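Remarks on the structure that follows.
The values are calculated or read from the model by the stated rules, or taken from the named source; none is laboratory data. Please read these numbers as outputs of a predicted model, since none were measured by experiment. With ideal geometry, Cβ positions are generated from the backbone for all residues, glycine too; neighbour counts draw on all protein chains shown.
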Amino acid sequence: MKILVLNSGSSSVKFQIIETDLERMNAHQDLTLAVGLVEKIGLSDSRLVLEVPERKTFQDYREILEHRTAIEWVLRILTDREHGILSSVEEIGAVGHRVVHGGEDFASSVLITPEVVEKIEACSVLAPLHNPPNLRGYYAALAAMPDVPHLAVFDTAFHQTMPAHAFLYGIPFQLYKKHHLRKYGFHGTSHRYVTFRGCQILGWRREDTRLISVHLGNGCSLAAVDHAKSIDTSMGFTPLEGLIMGTRSGDMDPAIVPWLMAMEEMTLHQVNTMLNKHSGLYGVSGVSSDMREILAARAAGNQRADVAFRMFCYRVKKYIAAYAAAMGGVDAVFFTGGIGQKSVEVRDWALSGLEFMGVELDRERNAAATDGEAEITTDGSRVRVLVVPTNEEKTIARDVVRVLNGIMPVFTPPEVVT
Amino acid sequence: MSWELHRVTIVGGGMMGRSLATKVAQEGINVYLKEVSSEAVEAGKSELDSALEREIERFGLTKAEKRAIQSRITWVTHFDCASDSDLALEAVQEDFGLKRQILRELDRRMPPDHPIVINTSTLSITELAAQNTRPDRIVGMHFLYPVTTTRVVEVVRGQLTTDEVYGRAIEFARLLGKVPIKVFEMPGFVTTRVVLPLINEAIHVVMEGVADAAEVDLALKLGYDFKSGPLEWADRTGLDRVLNWLQHLYQESGEPRFRPCPLLKRLVRAGLLGAKTGRGFFSYDEGRHRTDRLPDDRPRMA
């Protein structure tokens, strides 16, 4: 079946057409037929990019003011005689939508019904920047393809298996009950895929293992996956917690927030933007939010780029060791995301010093792993470390197949605290 | 046909016009910003650039967001842009004749059911609308300074404004992230009418020598939890504008409580107009930061 996977942001729509079914999934033979995006929605020079394997990249510009016309444009190009890959829109059998926040309502991928839409809308208060554009994308796609099933795949669902001692914050309990203030975690689709695929490469059953998945991209997070269940993850109530990221601060003393608001007379908006968009690698280095530019500046002797780099790696290392402790040991660590897949230096710094817990990095293997799947520890290493490129779209497409075939797993919370 | 908001014309690239254009652009809507001449356009562009830079320094904005805002704002010197706008809004000074002339230009060019917004704190919407072909599509909105952070806007219904147009103005206000306060036409509406006597009274207190300006402001700021005292607020708004409003309200209502305090007139005559000239009741540097704040007038954690 051909599945359209949509990831709708506030000013962009990313899409893929993936051909998959139960047989292809099991054989790891899902086919990505097309990858593309529409960006700068709302501007007069919106751009559509379509990449089809073994063809020249197709680009087009026009004024696209909202998601509905963006998706109509995507479908028109996908069915275009010259540039497209489909003979008609009817070839699309189902649509999988990425939805960022499912709150405590969703512990699984689901078929979108009016009740589901209502619940996703209710979760918007937890993710005001993400859920509303996700829903706009859904409405637009539904208008264009009213007769096929539409499914929602949540970033938070995989982490619903965390126990209460991992997801609660040390603040008054009634605030959790009143506002659902707790750790949710994100990148769930990525951590799920990477731990699944990593085990497949190793020939292990995920149910028998203790794994740490390290997703280092624009946003960064780790997950501790104990016997196939996420038991802890570094992002929290929002994607701001945890690791240092391109422009996000990650963990810090929460007292800094009211202190700055008083002393600098910063507004809520300013302090929020400061933590999310002016901090992290960019804020510390003053150079860039892009790890490649940080590495270049560091090589050229820029001290602040160097310290930003060290802060980044140091925190990854602390979390790896902490999650090994949380699981009473670790069998494998998987690196993914743009930085995790490509940055030899980051992996080197983050893993060095972990020999005490059985991680023996093979520097040559690490240096050679700059793209694609690879093992980067020595043959004798007690903990095996792999680079596993993530594929969230493929996971979304596979979830569509799983839900439609009634075999979608549910990431049930182990306990409810009242 | 359903009305959707994709393009807005804003007439006047002064501080109010620029702030509104920024806010509209931030919400992903394209803006035509109309100025009188290409010189005024250049000056406005450079002012907008420094305002956005200041906000970046305050961490309120990123460089990429600044570029996105600028790319959504098209500066023009002609009214023709109104013909493909879904809503037009004027943001020129509080001058009846000038506003009436602008309304006429917009009314001639815009599709009949597209709202035209008058941005005023004191003028009569009904009177301004009266000479247009479609007075029923004219509605008032009173934005308060600073437009980018103040969460409230008064939406003013003129005598002939239709429910549909009024609803669209409310929708526009919501889109800008503002809380609309629904008011009927009356000089000063709610906010201006109530705040002006407060400011005027504070100036009287200073003139009478009861307390000096800094302490009057501090007393009200700390006593009533205002973000700034009324005199600093007047400085930041512009003492000339405050005087202008008081005079207008005094003329319209005849109420002595709106009679401008002589000290205010004196400051305006001396060219001490507030933050924009560096001096009013208080002193300001080029970034419009107060330079003479009392030691007690500083934030504390507890």
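So if I check each of B:Glu232, B:Glu215, B:Glu201, which one is out of contact with any helix residue (DSSP H, G or I) (no Cβ under 9 Å at 6 or more places or on another chain) and at pLDDT 95 or above? Write out each step before concluding.
Numbers: B:Glu232 fails: out of contact with any helix residue (DSSP H, G or I) (no Cβ under 9 Å at 6 or more places or on another chain); B:Glu201 fails: out of contact with any helix residue (DSSP H, G or I) (no Cβ under 9 Å at 6 or more places or on another chain).
Result of the check over B:Glu232, B:Glu215, B:Glu201: B:Glu215.
Test each condition in (1) part of a helix (DSSP H, G or I); (2) within 22 Å of the chain's Cα centre (by Cα) for A:Val333 and report the one that comes out false.
Condition not satisfied by A:Val333: (1).
In region B:156-165, is there at least one residue being closer than 24 Å to B:Tyr250 by Cβ, in contact with a His (Cβ under 7 Å, 6 or more places away or on another chain), surrounded by 22 or more Cβ atoms within 10 Å (Cβ to Cβ) and in contact (Cβ under 8 Å) with a residue 12 or more places away in the chain? Lay out the reasoning, then the answer.
Taking region B:156-165 first, the residues closer than 24 Å to B:Tyr250 by Cβ are B:156, B:158-159.
Going one step further and asking which of them are in contact with a His (Cβ under 7 Å, 6 or more places away or on another chain), we end up with B:156.
Keeping just the survivors that are surrounded by 22 or more Cβ atoms within 10 Å (Cβ to Cβ) gives B:156.
With the extra rule that they be in contact (Cβ under 8 Å) with a residue 12 or more places away in the chain, the set shrinks to B:156.
Taking every residue of region B:156-165 in turn, at least one turns out to be closer than 24 Å to B:Tyr250 by Cβ, in contact with a His (Cβ under 7 Å, 6 or more places away or on another chain), surrounded by 22 or more Cβ atoms within 10 Å (Cβ to Cβ) and in contact (Cβ under 8 Å) with a residue 12 or more places away in the chain.
Can you confirm whether A:Arg47 is in a strand (DSSP E or B), among the basic types (Lys, Arg) and surrounded by 15 or more Cβ atoms within 10 Å (Cβ to Cβ)?
Numbers: in a strand (DSSP E or B): yes; among the basic types (Lys, Arg): yes; surrounded by 15 or more Cβ atoms within 10 Å (Cβ to Cβ): yes.
Yes.
For region B:60-97, which positions are touching a Gly at 6+ places or on another chain (Cβ under 9 Å) and not small (Gly, Ala, Ser)? Walk me through how you get there before you give the answer.
First, the residues of region B:60-97 that are touching a Gly at 6+ places or on another chain (Cβ under 9 Å): B:68, B:72, B:75, B:89-93.
Listed by number, the residues that qualify are B:Arg72, B:Trp75, B:Leu89, B:Glu90, B:Val92, B:Gln93.
Just for helices (runs of 4 or more DSSP H) wholly inside region A:336-418: which have at least 2 residues that are loosely packed, with under 15 Cβ neighbours inside 10 Å?
Numbers: elements: A:337-342, A:344-351, A:363-368, A:392-404.
Ranges flagged: A:363-368.
Of all strands (runs of 3 or more DSSP E) completely enclosed by region B:1-108, which ones contain at least 2 residues that are in contact (Cβ under 8 Å) with a residue 60 or more places away in the chain? Write out each step before concluding.
Working: elements: B:7-11, B:30-34, B:73-76, B:87-90.
Once the strands (runs of 3 or more DSSP E) in region B:1-108 are filtered for at least 2 residues that are in contact (Cβ under 8 Å) with a residue 60 or more places away in the chain, what remains is B:7-11, B:87-90.
Report those helices (runs of 4 or more DSSP H) wholly inside region A:61-179 carrying at least 1 residues which are closer than 30 Å to B:Leu5 by Cα.
Numbers: elements: A:67-78, A:114-123, A:131-144, A:164-167, A:173-179.
Answer list for region A:61-179: A:67-78, A:114-123, A:131-144.
Taking region B:30-87 only, how many residues are under 28 Å from A:His278 (Cα atoms) and either away from chain A (no Cβ under 14 Å) or of a type in the set (Ser, Thr, Tyr) (or both)? Can you show your working first?
Step one: filter region B:30-87 for residues under 28 Å from A:His278 (Cα atoms), giving B:30-31, B:44-74.
Next, only the ones that are either away from chain A (no Cβ under 14 Å) or of a type in the set (Ser, Thr, Tyr) (or both) stay: B:44-51, B:62, B:71, B:74.
The number of residues fulfilling the criteria is 11.
I'd like the residue in region A:267-284 that is within 7 Å of chain B (Cβ to nearest Cβ) and not in a helix (DSSP H, G or I) and, out of all such residues, is surrounded by the fewest Cβ atoms within 10 Å (Cβ to Cβ). Lay out the reasoning, then the answer.
Let us first name the residues in region A:267-284 that are within 7 Å of chain B (Cβ to nearest Cβ), namely A:267, A:269-270, A:273-274, A:277-278.
Going one step further and asking which of them are not in a helix (DSSP H, G or I), we end up with A:267, A:278.
Details: A:Thr267: 15, A:His278: 22.
Ranking the candidates gives A:Thr267 first.
Can you say whether A:Ile294 is at pLDDT 95 or above and not in a helix (DSSP H, G or I), as far as the supplied structure shows?
no
Quick check on my filter: what residues within region A:210-239 are away from every other protein chain (no Cβ under 14 Å), at negative phi and in a loop (DSSP other than H, G, I, E, B)?
Hits for region A:210-239 are A:Gly217, A:Gly219, A:Ser234, A:Met235, A:Gly236, A:Phe237, A:Thr238, A:Pro239.
I'm told B:Asp292 meets every condition in (1) away from every other protein chain (no Cβ under 14 Å); (2) farther than 16 Å from B:Ala214 by Cα except one. Can you identify the failing condition by its number?
Just one mismatch for B:Asp292, condition (2).
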